[in-house]
1. Those residues that are part of a loop (DSSP other than H, G, I, E, B) and of a type outside the set (V, I, T), I need them from the stretch 219-245; list them, please.
2. Looking at L191, L208, can you tell me which residue is within 16 Å of the ligand (Cβ to nearest atom) and either of a type in the set (V, I, T) or modelled with pLDDT of 95 or more (or both)?
3. Tell me which of these G260 doesn't satisfy, since it passes every other one: (1) touching a residue at least 60 places away in the same chain (Cβ under 8 Å); (2) surrounded by 18 or more Cβ atoms within 10 Å (Cβ to Cβ); (3) closer than 24 Å to T87 by Cα; (4) touching a Lys or Arg at 6+ places or on another chain (Cβ under 9 Å).
4. Hey, could you check the stretch 148-159 for residues that are within 16 Å of the ligand (Cβ to nearest atom) and assigned to a helix (DSSP H, G or I) and say which is nearest to A91 (Cα to Cα)?
5. Do we have I92 as without any contact (Cβ under 8 Å) to a residue 40 or more places away in the chain, of a type outside the set (K, R), within 16 Å of the ligand (Cβ to nearest atom) and part of a strand (DSSP E or B) here?
6. Does the stretch 228-239 contain at least one residue that is β-branched (V, I, T) and within 27 Å of A91 (Cα to Cα)?
7. Take the residues in the stretch 171-188 that are part of a strand (DSSP E or B) and of a type outside the set (A, V, I, L, M, F, W, C), then tell me which one is nearest to the ligand (Cβ to nearest atom).
Amino acid sequence: EKHNEKAARKEIESNSMFTKAIVRTPGRSLTSGLTAAKLGTPVYQKALEQHRQYIAALERCGLDVLILEADEAFPDSTFVEDVAIVTPKCAIITRPAAASRRGETAAMLPVLEDFYSYIEKIQPPGTLDGGDVMQVDQHFYIGLSSRTNRAGADQLIEILQRYGMTGSTVPVTEVLHLKTGVTQVAEKTLLAAGEFIASATFSDFRILPVPEEAKSGANCIRINGKLLLSTGFPEVSRQLVDQGAELIEVDISEYAKLDGGLTCLSLRF
Ligand code: CIR
């Protein structure tokens with residue numbers, strides 16, 4: 001009991017209590033979203049049902065979820081995490097590298113204006129996807145990936161510094177986005193797969209290694225003392241329960257077919 005109280009207080013102090021989330025219902029065009037995974041085409045009705053379950057999981061974590069309507073013009077627009085970075089001080093509209101996703105940001109700007117007084121923007125030639133940005137307290141790790149380039153990362157670091165936060169870059173070579181392979185699951189603790197298990201960048205953290213065959217299980221969401229995990233990774237789930245985590249498992253098989261994980265499907269702030 002004492003321990004829980006202390007943990008709760010710490011979360012509030014470190015500004016990591018979340019109250020809101022933004023999601024976007026997938027459109028039928030989801031079936032033509034970008035993908036490198038060879039897991040087949042998502043089944044739309046199943047994707048819709050999984051999206052509802054995902055929203056319910058966020059609500060169980062105490063979040064007010066704003067549900068944006070489907071945008072058929074953008075097959076990947078349900079992956080809202082990529083189009084903005086939401087911090088306690090400001091929001092940043094990104095500049096997705098994929099041509100078919102570049103236009104997704106326009107619809108997010110007015111939505112964020114309802115919540116934020118300060119909104120910044122990544123400018124050309126910078127490209128940056130939110131999936132490459134992992135926040136740990138006031139510091140933001142930025143993956144240099146096939147989607148996020150040096151100019152985009154440098155712009156983000158400069159913006160963060162202006163608002164009293166910091167950023168640094170991490171090379172990403174094996175996975176789509178930084179958070180595909182590494183996410184924070186507890187204070188000073190990261191769940192990491194592949195190239196991030198032994199990465200020098202994260203040597204000050206306790207690393208919970210995810211075995212290669214379960215690597216899609218590395219993308220978790222830590223919210224308000226709970227942890228969202230994709231279903232189907234019993235070894236990861238066991239590891240997290242051993243750490244004392246309160247787990248909520250969510251099936252996102254249809255989104256995994258498009259290289260999407262749990263974090264991709266929402267903005268949380
Ligand atoms: C894409 O390739 O952009 C989408 N099919 C998947 C985006 C996943 N987003 C994320 O990891 N943040």
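The values are calculated or read from the model by the stated rules, or taken from the named source; none is laboratory data. Note that this is a predicted model, so its numbers are computed, not measured. Because the Cβ atoms are built from the backbone with ideal geometry, glycine has one as well, and the counts that use them run over all protein chains shown.
1. Hits for the stretch 219-245 are N219, C220, N224, G225, G232, F233, Q243, G244, A245.
2. L191
3. Unmet condition: (4).
4. L156
5. no
6. No, the stretch 228-239 has no match at all.
7. T183
Results for (1) under 24 Å from K38 (Cβ atoms); (2) in contact (Cβ under 8 Å) with a residue 40 or more places away in the chain; (3) outside any strand (DSSP E or B), shown as yes or no for each residue.
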residue	(1), (2), (3)
S146	yes, yes, yes
Q161	no, no, yes
T169	no, no, no
A214	yes, no, yes
